[in-house]
Amino acid sequence: MHATRHRNRSAVVLFICAIMTSTKQVRAPVDRRESLALSLVRTLADSEGTYATFNGGYYDTLECLTAVRSCVPGVADMAPFLHGPSFEWDMKLSGYRFVFHPGPKVEPPDGWRPSPSAMSGFAFTAYAVGRDMEGLRSFCVDDWRFIYVTPSGTAPRVENAKCVDRSHMLDDEKRPVLVIEKRH
């Protein structure tokens, strides 16, 4: 009887351990600076995607995204896709260095006039700078609009306006992405 009760307890303990190891681990709280940097990366990626719908599927410079006057010929003035002063202010407060990597300029097809600064892709990186920023993650997003993480906190590598290290995707970024077709 004693052996049976001991086996039952052992089975319960093993069952609980199995459940604990199979469930998703809860991440430690994210540093507020890292959270702000990540929100700015997301904001830029979403703004580029929305802007591209007005620009024939092409992306553009930060200046066009923050402009009150439209850079796209034939499109009336509209609200900026990024609110320039607050975006720039948040970038300074975060403790991260942000770098916009413009993609190749487009050769528009006949009959279509995107903005003069239109590009076929972009990348945007954020990496921690300063001694008190050790251990914080770095981020890279490109025109695929998935956010990639560099756990070491080093500056993410970008080549030809594409994030090079795609081995660590942000967990909540594994979702479908709207891909905008370019006009031909």
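All of the numbers you see were taken from the coordinates with simple rules; none came from a lab. Please read these numbers as outputs of a predicted model, since none were measured by experiment. Cβ: placed from backbone, ideal geometry, glycine included. Neighbour counts: every protein chain shown.
Data overview
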| read-out | value |
| --- | --- |
| Hits in the stretch 43-74 - residues which are part of a helix (DSSP H, G or I), out of contact with any strand residue (DSSP E or B) (no Cβ under 6 Å at 6 or more places or on another chain) and of a type in the set (Gly, Ala, Ser) | SER47, GLY49 |
| Given (1) more than 19 Å from GLU34 (Cβ to Cβ); (2) assigned to a loop (DSSP other than H, G, I, E, B); (3) free of Cβ contacts under 8 Å to residues at least 60 places away in the same chain, number of the condition ALA155 does not satisfy | (1) |
| Failed item, numbered, when ARG97 is tested on (1) in a strand (DSSP E or B); (2) surrounded by fewer than 21 Cβ atoms within 10 Å (Cβ to Cβ); (3) within 14 Å of the chain's Cα centre (by Cα) | (3) |
| Pair list, Cβ < 7 Å and 6+ apart or interchain, from the stretch 158-170 residues that are under 20 Å from PRO102 (Cβ atoms) to residues that are part of a loop (DSSP other than H, G, I, E, B) and of a type in the set (D, E, K, R) | VAL164/ARG157; ASP165/ARG157 |
| Residues located in the stretch 108-131, provided they are among the polar types (S, T, N, Q) and in contact with a Cys (Cβ under 7 Å, 6 or more places away or on another chain) | SER115, SER117, THR125 |
